[in-house]
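Accompanying notes for the structure given below.
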There are 2 protein chains.
Amino acid sequence: MTKPDNAPNLYDQWLDSLSESGYRVTAPRRAIVEIVANSPRALGPLEIYDQGRAEYRGLGLVTVYRTLEKLEELGLVQRVHHPQGCHMYLRAADGHEHLVLCTSCGKAEYFSGDNIDKLTHAVARKTGFEIREHWLQLFGLCSDCKNK
Amino acid sequence: MTKPDNAPNLYDQWLDSLSESGYRVTAPRRAIVEIVANSPRALGPLEIYDQGRAEYRGLGLVTVYRTLEKLEELGLVQRVHHPQGCHMYLRAADGHEHLVLCTSCGKAEYFSGDNIDKLTHAVARKTGFEIREHWLQLFGLCSDCKNK
DNA sequence: TTGATATTGAAAACCTTTTTCAATTATAGC
DNA sequence: GCTATAATTGAAAAAGGTTTTCAATATCAA
């Protein structure tokens, strides 16, 4: 949308990032990166493993875990807490963004522009807490699932 | 020890609720209810099990799981997602409330009065989602941990 | 091309949660 | 207060999901 056409896609960006950080770019990692970078929804390790084997036969589940760990460490991927399933992984947010998740198909979209400063101040005053960060996720039906 | 409290405390309320729903009030359940109802922080099954055995020797971990399941079903307890640990249990909110969690000691407090309607409408317009619910948690330092 | 070493997958180990099952216990009805 | 009966219990086993171990393999710098 706001991305120039010649901009490198996430797939290339992530592989470059791995490489630049001294990690090796291997066939299993390419398969995993391709799947997670292009997924519209957060995926669990097992889903990634299943999809990944369609692309790279010998892929091991262990490698999925290890690769996700590295992608998360590099800030490329982030763990998402669904009501069911707390080890789901999604491309990371761009700065300060939050998620809207479709309760039907799982589709995830980031949005920005939350302004909860007034709220955090009020809570800080009332509870005595010093607020450092917040988690915000919206749930609902995406435009596709809404029309069914 | 049992709570000699004349006001309707959570402990009594929860046991009554179990009883009224046709569930039996047993020694293991009393131990579990006492711990969870009085805890200032969300607890995991293993923590509850450990603390519970101090009160009821023969307590089994399985019973902790089963009792939490019933307390949740009755709306007395709710599951809390911490960054680490997604199976933590805490006394349920009173209506529409959200949590502030202390990142140091885990202390949990509910607050109300969030107004994110404007936000959900904006997000709905931008993304095409039909927003049904939201999930909001604040993190920070409680007044005790702040002064250290 | 080669060599050092990061990475791999299989298997085993772990840890948490669920199921199974015989024994126990709370409670309603007498 | 008893008794019958059905819910509840804890131990053990099973089931998941995640992590560790380790020898074999593949990447990448030189």
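The values are calculated or read from the model by the stated rules, or taken from the named source; none is laboratory data. All figures in this text were calculated on a predicted structure; none of them were measured in a lab. Methodologically, a virtual Cβ is constructed for each residue, glycine included, from the backbone with ideal geometry; neighbour enumeration extends over all protein chains shown. In case anyone asks, the SASA skips ligands and DNA or RNA and just uses the protein heavy atoms, side chains included. Shrake-Rupley method; radii C 1.70, N 1.55, O 1.52, S 1.80 Å.
Beyond a 27 Å Cα-Cα separation, which of these cross-linked pairs lie in this structure: A:Lys118/B:Lys107; B:Lys70/B:Lys148; A:Lys126/B:Lys148? If you can, show how the numbers build up before the last one.
On the way: A:Lys118/B:Lys107 22 Å; B:Lys70/B:Lys148 39 Å; A:Lys126/B:Lys148 20 Å.
Result: B:Lys70/B:Lys148 exceed 27 Å.
Could you tell me what percent of the accessible area of segment B:10-91 is made up of carbon and sulfur, with a 1.4 Å probe and every protein chain present?
Numbers: 1900 of 4170 Å².
Solvent-exposed carbon and sulfur of segment B:10-91 make up 46 percent of the total.
Using helices alone, what [θ] at 222 nm do you get for chain B, with -39,500 (n - 2.57) per DSSP H run of 4 or more residues, divided over all residues and rounded to the nearest 500? Walk me through the numbers on the way to the answer.
Working: 6 runs with 62 residues, N = 148.
Mean residue ellipticity at 222 nm (helix-derived): -12500 deg cm²/dmol.
Put a point 7 Å out from Cα along the line to Cβ at B:Gly58; what are the distances to that point in the other copies, in nm, shortest first?
Shortest to longest, the spacings are 5.6 nm.
Taking the Cα centre of the protein assembly as shown as origin, work out the dipole magnitude from +1 charges on Lys and Arg Cβ and -1 charges on Asp and Glu Cβ, in debye rounded to 20.
On the way: 36 positive and 38 negative charges, 76 e Å.
Dipole magnitude for the protein assembly as shown comes out near 360 debye.
Ignore the peptide's own chain and count Cβ atoms of other chains within 10 Å of each Cβ in B:137-147; give me the average, rounded. Before the final figure, lay out each step's value.
Working: counts 6, 13, 6, 11, 5, 4, 5, 1, 2, 3, 1.
Mean number of neighbouring Cβ atoms from other chains: 5.
Please give the contour-minus-distance gain from A:Glu55 to A:Glu133: 0.36 nm per residue of separation, less the Cα-Cα distance, rounded to one decimal in nm. Don't skip to the end; give the middle numbers.
Details: separation 78, 0.36 × 78 = 28.08 nm, distance 3.88 nm.
Gain in length upon complete extension: 24.2 nm.
How far, in nm to one decimal, is B:Lys146 from itself in the other copies if the label point is set 7 angstrom along Cα toward Cβ? Shortest first, please.
Label-point distances to the other copies, shortest first: 4.0 nm.
Among DSSP bridges having both ends in segment A:1-138, what percentage is antiparallel? Round to the nearest 5. Walk me through the numbers before you get to the answer.
Working: 10 of 12 bridges.
Around 85 percent antiparallel, to the nearest 5.
I want the antiparallel fraction of DSSP beta bridges within segment A:98-146, as a percent rounded to 5. The partial results should precede the final answer.
On the way: 4 of 8 bridges.
Bridges in segment A:98-146 are about 50 percent antiparallel.
What average number of partner chain Cβ atoms lie no more than 10 Å from the Cβ of the residues making up A:98-111?
Working: counts 5, 1, 9, 2, 4, 3, 0, 0, 0, 2, 0, 5, 1, 7.
Counting Cβ atoms of other protein chains within 10 Å of each residue's Cβ and averaging gives 3.
Averaged per residue, what accessible area in Å² does segment B:10-91 show with a 1.4 Å probe, protein chains only?
That works out to 51 Å² for each residue.
Please work out how much length the chain gains when fully extended from A:Ala122 to A:Tyr110, using 0.36 nm per residue of separation minus the C-alpha to C-alpha distance, in nm with one decimal. Intermediate values should be presented prior to the final figure.
On the way: separation 12, 0.36 × 12 = 4.32 nm, distance 2.59 nm.
Taking 0.36 nm per residue and subtracting the Cα distance, the gain is 1.7 nm.
Once the label point is placed 7 Å from Cα along Cβ, list for B:Lys126 the distances to the corresponding points in the other copies, in nm, shortest first.
Label-point separations across copies, in nm and ascending: 2.6.
For segment B:54-148, count the residues as N, evaluate 2.2 N^0.38 Å, and divide the Cα radius of gyration by that value, please.
On the way: Rg = 17.2 Å, N = 95, 2.2 N^0.38 = 12.4 Å.
After normalising by residue count via 2.2 N^0.38 Å, the value is 1.39.
If I build a Gaussian network model for chain A, linking alpha-carbon pairs within less than 10 angstrom, which residue out of A:Pro45, A:Pro28, A:Pro83 has the largest mean-square fluctuation?
Its mean-square fluctuation being the largest, the pick is A:Pro83.
On a C-alpha basis, how far is the centre of segment B:35-74 from the centre of segment A:57-98 in Å? Whole number, if you could?
31 Å
For the pair B and A, how large is the buried accessible area, both sides, in square angstrom to the nearest 100, if the probe is 1.4 Å? Provide the component values of the computation, followed by the final result.
Numbers: alone 9730 and 9990 Å², together 16500 Å².
Chains B and A together bury roughly 3200 Å² of accessible area.
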